[in-house]
Amino acid sequence: MIFVAVGTQFPFDRLIRCVDEWAAAQGIEVLAQIATGGYLPKHARYERFMTTEAFNTALQQASLIISHAGMGNIITAIESSKPIIVMNRQYELGEHRNNHQADGLEWMAKLPGVYTAKTCEDLRILLDQHDNLSAGSQLGHERRQRLINFIDQAIRA
Amino acid sequence: MSTQHKVFAISSPGGHWIQLTRLCAGLEAQHQIVYALPDKLFKPKGQQKIYSIVDVSADDKWKLIPCALQVGYILLKERPQVILSTGAAPGVVAILLGKLFRIRTIWVDSIANVQKISRSGELVKTKADVFLTQWEHLSDQQQILFKGSVL
């Protein structure tokens, strides 16, 4: 099963439609979290919003995550050892209030297990080889602990 | 060991919240943490104390007022020694109120902001007692510090 999630703030019809049409042609099971999207998937099952619990269950059951380029989904996918494809929202298309997801895509692409797409065409190329996309290993433990230790000291200061 | 502090942790839902909870997971053993989040979908884990607050973003500024009233009330009731936020708008509200109430404030700018400090971060850069970025190249080693990142 492929799990596609667009976050809670905005719709992302371009992503949902792209995945839905590809999956319909391939006959692959998809669960989509579509927020306030106007495009309703014809092939994929969908929810508009999900509880953390339902979200985590879907994440665990999925073999691949597809997401807007939001930090939350990337962090949870990496922590769950799932490969993730992210597509950035574009300010020019009215998909976000600024273009920080486009900026983010550059460094996200460097994370192991994270694959990036700017367009539906990019995404389809990745989806056609979805069996070969592998998860990254748990990373950044040391960097995270260093930050936590510093905050702990700052709290005590 | 040293004394436990009461920490008020607040952020927007989504990525900011994921980052905040990952940081707090490493602080819960040492400190008492009270959370606030504008999201009804979230269910607390175990002993976590979470206040649900009005959702607010830079796009709907009028909601800052009810948000500020709620956060102000929680601060007066809980009396935390420290406020910790990863952003965005609710964090700004909390940092500014923290300044007013003389509570120590810590801002961790979201890892999503890689080219420059976030818009909400810019609003509190000179207000927060400790201001952290998660990108080394954004640090000026004085006001904006880099001390690690969630990933």
All positions within region B:106-151 that are among the aliphatic types (A, V, I, L, M), under 30 Å from A:Ile78 (Cα atoms) and not in a loop (DSSP other than H, G, I, E, B)
B:Ile106, B:Val108, B:Val130, B:Leu132, B:Leu138, B:Leu145
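Do any helices (runs of 4 or more DSSP H) entirely within region A:83-157 hold 3 or more residues that are closer than 17 Å to A:Ser67 by Cα, of a type outside the set (Ser, Thr, Tyr) and away from chain B (no Cβ under 14 Å), and if so, which? Walk me through it before giving the result.
Details: elements: A:100-108, A:120-128, A:141-156.
Qualifying helices (runs of 4 or more DSSP H): A:120-128.
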Select from region A:124-152 the residues that are among the polar types (S, T, N, Q) and either exposed (fewer than 11 other Cβ atoms within 10 Å of the Cβ) or in contact (Cβ under 8 Å) with a residue 24 or more places away in the chain (or both) and list them in ascending order.
A:Gln129, A:Asn132, A:Ser134, A:Ser137, A:Gln138
Counting only helices (runs of 4 or more DSSP H) wholly inside region B:1-105, the ones holding at least 3 residues that are within 14 Å of the chain's Cα centre (by Cα) and at pLDDT below 95 are B:15-25
Picking from B:Val71, B:Val124, which residue would you name as being closer than 21 Å to A:Met71 by Cβ, crowded, with 20+ Cβ neighbours inside 10 Å and more than 8 Å from every other protein chain (Cβ to nearest Cβ)?
B:Val124
Regarding region B:57-71, can at least one residue be identified that is under 24 Å from B:Ser149 (Cβ atoms), touching a residue at least 40 places away in the same chain (Cβ under 8 Å) and among the polar types (S, T, N, Q)?
yes
If I ask for residues that are more than 8 Å from chain B (Cβ to nearest Cβ), outside any loop (DSSP other than H, G, I, E, B) and among the small types (Gly, Ala, Ser), which ones from region A:56-78 would you list?
A:Ala58, A:Ser67, A:Ala77
Give me a count of the residues in region A:110-134 that are out of contact with any helix residue (DSSP H, G or I) (no Cβ under 8 Å at 6 or more places or on another chain) and of a type in the set (A, V, I, L, M).
2
Name the single residue that is farthest from the other protein chains (Cβ to nearest Cβ) among those in region B:11-34 being among the polar types (S, T, N, Q) and farther than 21 Å from A:Arg143 by Cβ.
B:Gln32
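The values are calculated or read from the model by the stated rules, or taken from the named source; none is laboratory data. It should be emphasised that the depicted structure is a prediction, and the values quoted were computed from it without experimental measurement. Cβ atoms come from the backbone with ideal geometry, glycine included; neighbour counts cover every protein chain shown.
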